[in-house]
Amino acid sequence: MENKITGRINSLETFGTVDGPGIRFIVFMQGCPLRCIYCHNRDSWDINGGREVSVDEIMTDLLKYKEYFMRSGGGITVSGGEPTLQAEFVTELFKRCKASGIHTALDTSGFAEVSGLDELLSYTDLILLDVKQTDEMKHREITGVGLEKIHRFTEYISKKNIPVWIRYVLVPGYTDGMEDLDKAASFIGKFKNIEKVEVLPYHGMGQCKWDSLGKEYQLKDLTSPDDQEVKRAKIILSSHLQPTHL
Ligand code: SF4
C-alpha cells in the first residue's frame, strides 16, 4: 500500500562502509539543531533545505541494493543533520525496513526529546551516538548547545538497553586533551549498553561546504590528528567500557 509520509533529506549514499556494521545504505536527513564548528555537512542545517522524499521512494531505492548490504551484514543507517528532528518519517522508514528484515542504525547527536521517540527506538537495532564533548562549557563552545538533553537521551536508551556505538571526533585543541578524554571515558563507562567506541579524526574536508554557503569556517588552519593520537584516544575512551563489551 502506498505510504504518504514524507521527509526532507540532504543526500543518500548507497555503499557506506563507516557508519555501522557491514555495507550500509545511508540516508542523510536535513535539519540540525546543533552548530558544530567543524560540521562536515554544513548544508544540512536548514530543515527547509534539501529535498522532499517519501518513505516509498527510499524503500524502492534501498531494496535495489538489499542483496549487497545483507550479504555483508549491513543495513540502513539514518544520519544527518539530526534524524530525530523528523522522527515520524524515520519511524515509518525503520518500521518498513524491519518488516523486510533489514538492520537499522540511527546516527544521532542525542540532542532529542525522548518523549515521542519510543516507536522509533522500538525499530532501531543500533544507535551511533556522537559524543562531541562531556564538559558543559566546551560542549557549548563546539556545538552551541548544552549537555542536559543529550544526557537524558543517553540514559533513556541505556534503560531500553539498545546497543550503542559511541563516535568521538578527535579535534586538536578542542576534544583531545587528557582531561577531555578522561571525562568522556568516565561518562561512557556508566552505560552497560555501549558496545564500542570509535574515534574519528578531525578533518577539514567539510570546509568547502562552508565556503560555498559564504560562511566562515573557524578551524581553517587546524591539522588532523595522526594515527598514534587516534589510537591513544581510543584506548583512553574505551578504558571504562563495561567488561562484557571488551
Ligand atoms: S550534529 Fe552533525 S550535522 Fe549537526 S552541526 Fe554537528 S556535525 Fe553538523
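The values are calculated or read from the model by the stated rules, or taken from the named source; none is laboratory data. Since this is a predicted model, take the numbers as computed values, not measurements. Using ideal geometry, Cβ is built from the backbone for each residue, glycine included, and neighbour counts are taken over all protein chains shown. Note: accessible area is taken over every heavy atom of the protein model, side chains too, but ligands, DNA and RNA are not part of it. Shrake-Rupley method; radii C 1.70, N 1.55, O 1.52, S 1.80 Å.
Would you be able to tell me the number of residues in region 17-56 that are basic (Lys, Arg) and open to solvent by less than 30 Å² (accessible area, probe 1.4 Å)?
Going through region 17-56 one residue at a time, the tally reaches 1.
None of THR60, THR14 is open to solvent by 30 Å² or more (accessible area, probe 1.4 Å), assigned to a helix (DSSP H, G or I), more than 13 Å from the ligand (Cβ to nearest atom) and not small (Gly, Ala, Ser) except THR60.
Given the structure, is GLY22 in a loop (DSSP other than H, G, I, E, B), among the small types (Gly, Ala, Ser), at pLDDT 95 or above and within 13 Å of the ligand (Cβ to nearest atom)? So GLY22 fails the test.
The set of residues in region 68-102 that are within 15 Å of the ligand (Cβ to nearest atom) and of a type in the set (D, E, K, R) contains only GLU82.
Within region 26-50, the set of residues being among the hydrophobic types (A, V, I, L, M, F, W, C) and either more than 8 Å from the ligand (Cβ to nearest atom) or outside any loop (DSSP other than H, G, I, E, B) (or both) comprises ILE26, VAL27, PHE28, MET29, ILE37, ILE47. Residue count for region 155-166 satisfying the condition of being touching a residue at least 40 places away in the same chain (Cβ under 8 Å) and either open to solvent by 20 Å² or more (accessible area, probe 1.4 Å) or under 30 Å from THR223 (Cβ atoms) (or both): 3.
So, in region 83-130, exactly how many residues are touching a His at 6+ places or on another chain (Cβ under 9 Å), free of Cβ contacts under 8 Å to residues at least 60 places away in the same chain and open to solvent by less than 10 Å² (accessible area, probe 1.4 Å)? Of the residues in region 83-130, 2 are touching a His at 6+ places or on another chain (Cβ under 9 Å), free of Cβ contacts under 8 Å to residues at least 60 places away in the same chain and open to solvent by less than 10 Å² (accessible area, probe 1.4 Å). Only one entry of GLU179, GLU229 meets the criterion of being at pLDDT 95 or above, of a type outside the set (A, V, I, L, M, F, W, C), in contact with a Leu (Cβ under 9 Å, 6 or more places away or on another chain) and open to solvent by 30 Å² or more (accessible area, probe 1.4 Å), and that entry is GLU229. Restricting attention to region 201-220, the residues that are crowded, with 16+ Cβ neighbours inside 10 Å and within 27 Å of HIS151 (Cβ to Cβ) total 4. Take ALA112 and decide whether it is more than 30 Å from GLY214 (Cβ to Cβ), outside any helix (DSSP H, G or I) and within 16 Å of the ligand (Cβ to nearest atom). Judged against the criteria, ALA112 is not a match.
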